[in-house]
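See structure below.
The values are calculated or read from the model by the stated rules, or taken from the named source; none is laboratory data. Since the model is a prediction, treat every value here as computed from it, not as a measurement. FYI the Cβ positions are ideal-geometry reconstructions off the backbone, even for glycines, and counts take in every protein chain you see.
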Amino acid sequence: METSTPKSGLVLGLISLALLGLDTLIFFEVIRPFRDGNIDQPLGYSLAGLGTLLSLFSLGARKGATALNIVAFVLNIGAIIAVGLLARSLSHMRLI
């Protein structure tokens, strides 16, 4: 019987937060301007979704670092909602 170490949960939580950091840099236009929604929206959704899945996997498999993974999960869900709201607000905007 193999037991998981708390280090794997910590690593998954930190990777999840790193993906959230990349998503935040894209969202606030640090990495690249948010001009092409065909590229940036799927990238934002995929980074936040992958971070959510990693933290959810760590929580479901009881890998450890539960508090970190709960925080990462909630923040990544918030990022998905924020990207969705941004996409919705930009779709109603008229560009001259």
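Give region 52-61 a look and list any residue that's surrounded by fewer than 21 Cβ atoms within 10 Å (Cβ to Cβ) and in a helix (DSSP H, G or I), or say none. Spell out how you get there, then give the answer.
To start, the set of residues in region 52-61 that are surrounded by fewer than 21 Cβ atoms within 10 Å (Cβ to Cβ) comprises 53, 56-57, 59-61.
Of everything in region 52-61, those that are surrounded by fewer than 21 Cβ atoms within 10 Å (Cβ to Cβ) and in a helix (DSSP H, G or I) turn out to be L53, L56, F57, L59, G60.
Condition first: of a type in the set (S, T, N, Q) and exposed (fewer than 15 other Cβ atoms within 10 Å of the Cβ). Can you find one or more residues in region 69-77 that meet it? Write out each step before concluding.
Within region 69-77, the first condition is being of a type in the set (S, T, N, Q), and the residues that meet it are 69, 76.
With the extra rule that they be exposed (fewer than 15 other Cβ atoms within 10 Å of the Cβ), the set shrinks to none.
No, region 69-77 contains no residue that is of a type in the set (S, T, N, Q) and exposed (fewer than 15 other Cβ atoms within 10 Å of the Cβ).
If you take the residues in region 22-41 that are assigned to a helix (DSSP H, G or I) and surrounded by 14 or more Cβ atoms within 10 Å (Cβ to Cβ), which one is modelled with the highest pLDDT? Step through it out loud before you land on a result.
Of all residues in region 22-41, those assigned to a helix (DSSP H, G or I) come to 22-27, 37-41.
Filter once more, so that each one left must be surrounded by 14 or more Cβ atoms within 10 Å (Cβ to Cβ): 22-24, 26-27, 40-41.
Working: L22: 90, D23: 84, T24: 84, I26: 79, F27: 75, D40: 74, Q41: 77.
That would be L22.
If you go through region 50-76, how many residues are closer than 12 Å to L17 by Cα, within 13 Å of the chain's Cα centre (by Cα) and of a type outside the set (S, T, N, Q)? Full working, then the answer.
Start the filter on region 50-76 by keeping residues that are closer than 12 Å to L17 by Cα, which leaves 50-55, 68-76.
Pick out the ones that are also within 13 Å of the chain's Cα centre (by Cα) and you get 50-55, 69-76.
From what is left, the residues that are of a type outside the set (S, T, N, Q) are 50-51, 53-54, 70-75.
Result for region 50-76: 10.
Please find, among G84, G64, G44, the residue that is buried (at least 21 other Cβ atoms within 10 Å of the Cβ) and modelled with pLDDT under 85. Talk me through it step by step, then tell me what you get.
Details: G84 fails: buried (at least 21 other Cβ atoms within 10 Å of the Cβ); G64 fails: buried (at least 21 other Cβ atoms within 10 Å of the Cβ).
Unique residue meeting the criteria: G44.
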